Amino acid sequence: MITENLEQVRKNIEEACRAVNRDPGEVTLISVSKTKPVSMLQEAYDAGSRDFGENKVQELNSKYDDYKLGDCELHLIGHLQTNKVKQIVGKVSMIQSVDSIKLAKEIAKVSSN
């Protein structure tokens, strides 16, 4: 089911891009893995997904060792509290939810250490 869903989403992306004369290669499809078991992530990986999004720091950390899926990229897509920045810097390739200057400064500080 995951494989079929991903194929349909990719098709939708291609059609939408074609409609606006945009290169589908410019679009990153992030497979959101929140509350899903690692076996489902593996199925998505096997179907070509390489970007995975987690909503919560705790869940990302609990699955982190299981994300050894080769060349995948992790994204934090949920709210990030300043006091949890140290828990994810170095584990994710992108934090999609930076919502304050204070948080951005903390990410920069922790990242530079």
Taking segment 66-95 and keeping only residues that are hydroxyl-bearing (S, T, Y) and either at pLDDT 90 or above or open to solvent by 40 Å² or more (accessible area, probe 1.4 Å) (or both), one is left with T82, S93
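Just to be sure, is M1 more than 16 Å from S93 (Cβ to Cβ), open to solvent by 80 Å² or more (accessible area, probe 1.4 Å) and not charged (D, E, K, R)? Don't jump to the end; show me each part of the working.
Working: more than 16 Å from S93 (Cβ to Cβ): yes; open to solvent by 80 Å² or more (accessible area, probe 1.4 Å): yes; not charged (D, E, K, R): yes.
Yes.
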Within segment 6-28, residues of a type in the set (K, R), under 22 Å from Q42 (Cα atoms) and either modelled with pLDDT under 95 or touching a helix residue (DSSP H, G or I) at 6+ places or on another chain (Cβ under 9 Å) (or both) come out as R10
Per the list (1) open to solvent by less than 50 Å² (accessible area, probe 1.4 Å); (2) without any contact (Cβ under 8 Å) to a residue 24 or more places away in the chain; (3) charged (D, E, K, R), residue check on K63 breaks on (2)
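Mind listing just one residue for me: the one in segment 29-88 that is of a type in the set (D, E) and within 24 Å of I107 (Cβ to Cβ) and, of those, farthest from the chain's Cα centre (by Cα)? Talk me through it step by step, then tell me what you get.
The initial filter retains those residues of segment 29-88 that are of a type in the set (D, E), namely 43, 46, 51, 54, 59, 65-66, 71, 73.
Among the residues that remain, those that are also within 24 Å of I107 (Cβ to Cβ) are: 51, 54, 59, 65, 71, 73.
Working: D51: 5, E54: 6, E59: 13, D65: 15, D71: 13, E73: 6 Å.
Among them, the one singled out is D65.
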* Asked: In segment 32-42, is there at least one residue being within 30 Å of E14 (Cα to Cα), open to solvent by less than 30 Å² (accessible area, probe 1.4 Å) and among the small types (G, A, S)?
  -> yes
Among residues of segment 96-113 being part of a loop (DSSP other than H, G, I, E, B) and over 20 Å from T28 (Cα atoms), the residue least open to solvent (accessible area, probe 1.4 Å) is S100
For segment 32-55, pairs from a residue that is farther than 16 Å from I77 by Cα to a residue that is open to solvent by less than 40 Å² (accessible area, probe 1.4 Å) and at pLDDT 90 or above, with Cβ under 6 Å and 6 or more apart or across chains, are E43/I2; A44/I2; A44/S31; A47/L6; S49/S31
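The values are calculated or read from the model by the stated rules, or taken from the named source; none is laboratory data. All values reported here derive from a predicted model rather than from experimental measurement. Virtual Cβ from ideal backbone geometry, glycine too; neighbours counted across all protein chains shown. In case anyone asks, the SASA skips ligands and DNA or RNA and just uses the protein heavy atoms, side chains included. Shrake-Rupley method; radii C 1.70, N 1.55, O 1.52, S 1.80 Å.
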